[in-house]
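K.L.:
One structure coming up, written as structure tokens, with questions to follow.
The values are calculated or read from the model by the stated rules, or taken from the named source; none is laboratory data. Note that this is a predicted model, so its numbers are computed, not measured. In this analysis, Cβ positions are derived from the backbone assuming ideal geometry, glycine residues included, and neighbour counts consider all displayed protein chains.
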């Protein structure tokens, strides 16, 4: 006898698997008696946020919680500090997991992947008291620190391997990028700090940034998998719109982000912050080489050629596709989800010329998709002006259903008192072909069309 699984899919629909004799579903893998994912509202209009482009307010967590949950062991492939060597510490160079500090087995250069700053050390620049490491990325450690001057918490980022030549160049590039960038969707730099050895030589450089918490979109997906958070397709589209808002600002300044992925976006309060600007490059620059993640990178990007807007658009498309796998959207009728898939398909097209030309173009399409999804769920939102058509000067159906004035009723023919006067025919108010042509919205010229100026 087949026992259907009692749980639902992450996308909202019921699981189609069957419970095995072991008690676990053969499709979703959950225990039949486990609590499962949170229950969803019965009415489609109750799914997702109440307002357009809204995100839930998430608390970044207390400093004590974040320090306790920090990943201290380095979970990346360690490499030699010398750029010309670039040996990866894997077999046959090492027979076991390498220590996080030591010497390269090939060239003998020192390396250290241990956090350089500790909570027992002296304050940086006599201002920033280190509380401990809270995270690390591919290029640097991130520490939580307390600003004793402003009495609040900040994030301090240093090099993951403080001996690495590439990492120093990377930090310098990030510093130059952060100085010029100011945007509400991008993490804000606050200070730069250098440390020195006993002989006066510089031992390390640190970037002090605003503390935006640790709720990356990849961590949010983990919360969804554990059943601690419900991710909706409207949230995913809103994430995309806000990410593209940040990238559009970068592109307008002549920068390219390069390494967009869920772990580089933080859900901060009721919005997002793009972090890890070490991969930001000036348009056309190849020195230092672009930082990319192969799974998210465009197929034409191999790390040796300059980054492009088409590459950034591709990374956003893959990021949204990854998030949508865990988002509730099965309740959307009609073509709502299909429209979202078409936007993602265009953003991740094999041919760069087939992708969106700008981040603004993709954001405009995503806003349209979001409105379509919300309308199909029965929600009502205020209209917004079109970016592609000029507004009409007159309403197309202004006369439809209008009540005639007194002159219309006085046009009845003479009649006797005992006769019922025939009422004049009412004008239905249907616009004439000329009125229709005059009142239709006029398309705006596409700025990328070379024929538009003719």
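K.L.:
Quick one: which of 73, 60, 49 is modelled with pLDDT of 85 or more and either part of a loop (DSSP other than H, G, I, E, B) or exposed (fewer than 13 other Cβ atoms within 10 Å of the Cβ) (or both)?
P.N.:
Matching residue, one of 73, 60, 49: 49.
K.L.:
For the stretch 390-406, how many residues are farther than 20 Å from residue 430 by Cβ and not in a strand (DSSP E or B)?
P.N.:
2
K.L.:
Out of 129, 106, 142, which single residue is assigned to a strand (DSSP E or B) and over 31 Å from the mean Cα position of the chain (by Cα)?
P.N.:
129
K.L.:
Quick test of your reading of the structure: residue 55 fulfils all but one of (1) in a loop (DSSP other than H, G, I, E, B); (2) touching a residue at least 40 places away in the same chain (Cβ under 8 Å); (3) farther than 21 Å from residue 325 by Cα. Name the failing condition by number.
P.N.:
Failing condition for residue 55: (3).
K.L.:
Picking from 431, 421, 447, which residue would you name as being surrounded by 10 or more Cβ atoms within 10 Å (Cβ to Cβ) and either within 36 Å of the chain's Cα centre (by Cα) or at pLDDT below 75 (or both)?
P.N.:
Exactly one of 431, 421, 447 is surrounded by 10 or more Cβ atoms within 10 Å (Cβ to Cβ) and either within 36 Å of the chain's Cα centre (by Cα) or at pLDDT below 75 (or both), namely 421.
K.L.:
Next up: What number of residues within the stretch 213-263 satisfy the criterion of being assigned to a helix (DSSP H, G or I), within 21 Å of residue 183 (Cβ to Cβ) and without any contact (Cβ under 8 Å) to a residue 40 or more places away in the chain?
P.N.:
1
K.L.:
With modelled with pLDDT of 85 or more, buried (at least 17 other Cβ atoms within 10 Å of the Cβ) and not assigned by TED's automatic domain parsing to the domain that holds residue 224 as the only criterion, which of 19, 82 stands out?
P.N.:
19
K.L.:
Starting from residues that are in a loop (DSSP other than H, G, I, E, B) and touching a helix residue (DSSP H, G or I) at 6+ places or on another chain (Cβ under 8 Å), keep the ones in the stretch 264-282 and report whichever is surrounded by the fewest Cβ atoms within 10 Å (Cβ to Cβ).
P.N.:
Across the stretch 264-282, the extreme among qualifying residues is 275.
K.L.:
Determine whether residue 50 is more than 28 Å from the chain's Cα centre (by Cα) and not assigned by TED's automatic domain parsing to the domain that holds residue 132.
P.N.:
Numbers: more than 28 Å from the chain's Cα centre (by Cα): no; not assigned by TED's automatic domain parsing to the domain that holds residue 132: yes.
Taking the combined requirement at face value, the residue does not satisfy it.
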